[in-house]
Amino acid sequence: MFQAFDSLPRGLMASGNILLASAAYFADWSHTHVFNPRWPPHAKFHNGQSMSFGALSALTSLYLLSRRNANIEAAKDSLFVAAIVGSLTTVAGLSAIFYPGTAWTDPEFGNFGWIGPQGYVFLVQLFVNWTAYYFENARLDKLDKLKK
């Protein structure tokens, strides 16, 4: 079994990152994004770039959560970097709305106000990711104290 699922917090962090990356393909490989005839080719290029980046960051986070570490400090370092890498896609998604001319959705698909559905998904993923980090880090601290 992967070390990524050796504890509940670690498993939640790994699962959340994988689910977010997968959800991007399910949501974006549709008439609203990849197959939207109103989107110019360059917009579709950047959509593909975002989907690939999400998948790569999830895989990197999974690797960091799965690898064996020489000691508790190395494990905590891998965990912290996994939390950062696992948050990159969501932070990028939340910050995208601040660029000129952006909106949470295209006009034909409705207006969701100050935050779109994906904004809530991003916020939940960040919460799960960093809450899991907190509890896994505490678990590692407890293991370290038991060894001393």
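For Asn69, only one of the following conditions fails: (1) at pLDDT 90 or above; (2) part of a helix (DSSP H, G or I). What is its number?
(2)
When the range 23-38 is examined, which residues are found to be without any contact (Cβ under 8 Å) to a residue 24 or more places away in the chain and either surrounded by fewer than 18 Cβ atoms within 10 Å (Cβ to Cβ) or within 13 Å of the chain's Cα centre (by Cα) (or both)?
Phe26, Trp29, Ser30, His31, Val34, Phe35, Pro37
If you take the residues in the range 105-148 that are among the hydrophobic types (A, V, I, L, M, F, W, C) and assigned to a loop (DSSP other than H, G, I, E, B), which one is nearest to the chain's Cα centre (by Cα)?
Filtering first and then ranking leaves Ile115.
Give the residues of the range 1-46 that are assigned to a helix (DSSP H, G or I), under 30 Å from Asp141 (Cα atoms) and not aliphatic (A, V, I, L, M), sorted by residue number.
Across the range 1-46, the qualifying residues are Gln3, Phe5, Pro9, Arg10, Gly11, Ser15, Gly16, Asn17.
Here is a check on your reading of the model: is Leu59 of a type outside the set (Ser, Thr, Tyr), closer than 16 Å to Ala83 by Cβ and surrounded by fewer than 16 Cβ atoms within 10 Å (Cβ to Cβ)?
Answer is yes for this residue.
Please pick out the residue among Ala92, Ala82, Ala96 that is over 19 Å from Lys142 (Cα atoms), assigned to a helix (DSSP H, G or I) and in contact (Cβ under 8 Å) with a residue 60 or more places away in the chain.
Of the residues listed, the single one that is over 19 Å from Lys142 (Cα atoms), assigned to a helix (DSSP H, G or I) and in contact (Cβ under 8 Å) with a residue 60 or more places away in the chain is Ala82.
Pick out the one residue from Ala92, Ala83 that is within 24 Å of Arg38 (Cβ to Cβ) and within 18 Å of the chain's Cα centre (by Cα).
Ala92
The values are calculated or read from the model by the stated rules, or taken from the named source; none is laboratory data. As the structure is a computational prediction, the values presented were derived from the model and not from experiment. Note that each Cβ is placed from the backbone with ideal geometry, even for glycine, and that neighbours are counted across all protein chains shown.
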